[in-house]
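A.B. asks: Structure below; questions to follow.
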C-alpha cells in the first residue's frame, strides 16, 4: 500500500498550449485575459522558454509551449476558464479584437462562450 500511495496522481500541474510566438502569447494571456505570469525560464531543448500563466490563486497553470512538429497550434485545448461575469468579459474581449463566439445562455446553465488566442487555440469561458 505504501508504494501505491506514493505513486498516486494527486493533481494537475499544467496544461500545455502550443504557440508560435511566446511573447505575443504572454501579451494575450496576461494583458488581455488578465492571467498572472507564474514562470518564465529559457529551456534550450524546447527552442524557447518554459512559460506558465494562470488565474490568480489557481493551482493549475497553462504552459505556453513553443509550437513544433509534435505540438501544432490551433488546437481545441479543452480548457474552461471561469469568470464572475461572462457577458462583461465577452464585451471586453470583443473591444480588444479577440475572436470570440456567441455568448450562450441556456436555462439552468451558466453563461459561456468560446474564444481563440492569437494562434487559433480554442478556450471556453464559463460564468
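A.B. asks: Considering Cα pairs under 8 angstrom that are at least six residues apart, work out the relative contact order of the stretch 28-71 and quote it in whole percent.
C.D. replies: Value for the stretch 28-71: 30 percent.
A.B. asks: I've got another one for you. May I ask you to derive the relative contact order of the stretch 2-126, considering only C-alpha pairs under 8 Å and at least 6 residues apart, and to give it as an integer percent?
C.D. replies: Rounded, it is 24 percent for the stretch 2-126.
A.B. asks: Nearest 10 degrees is fine. How inclined is helix 86-95 to the longest principal axis of the chain, computing both from alpha carbons?
C.D. replies: Its long axis makes an angle of about 90 degrees.
A.B. asks: By per-residue mean of other Cβ atoms within 10 Å, what is the highest-first order of 83-91, 17-25?
C.D. replies: Highest to lowest by the protection proxy: 17-25, 83-91.
A.B. asks: What nm distance separates the two modelled labels at residue 84 and residue 45, each placed 7 Å from Cα along Cα→Cβ?
C.D. replies: 4.2 nm
A.B. asks: From the list [x] 40; [y] 56; [z] 30, can you say which value of percent of Cα pairs over 25 Å apart was derived from the structure given?
C.D. replies: Here the calculated entry is [z].
A.B. asks: Report the residues of the stretch 64-97 in range of a label on residue 13: point 7 Å along Cα→C-beta, backbone N strictly under 18 Å from it.
C.D. replies: Residues 64-66 qualify, since their backbone N sits under 18 Å from the label point.
Any read-out appearing in this document is the output of simple, stated calculations on the displayed coordinates, not a laboratory observation. Worth saying up front: this structure is predicted, and the values here are computed from it rather than measured. Here Cβ is always computed from backbone atoms with ideal geometry, including for glycine, and neighbour counts include all displayed protein chains.
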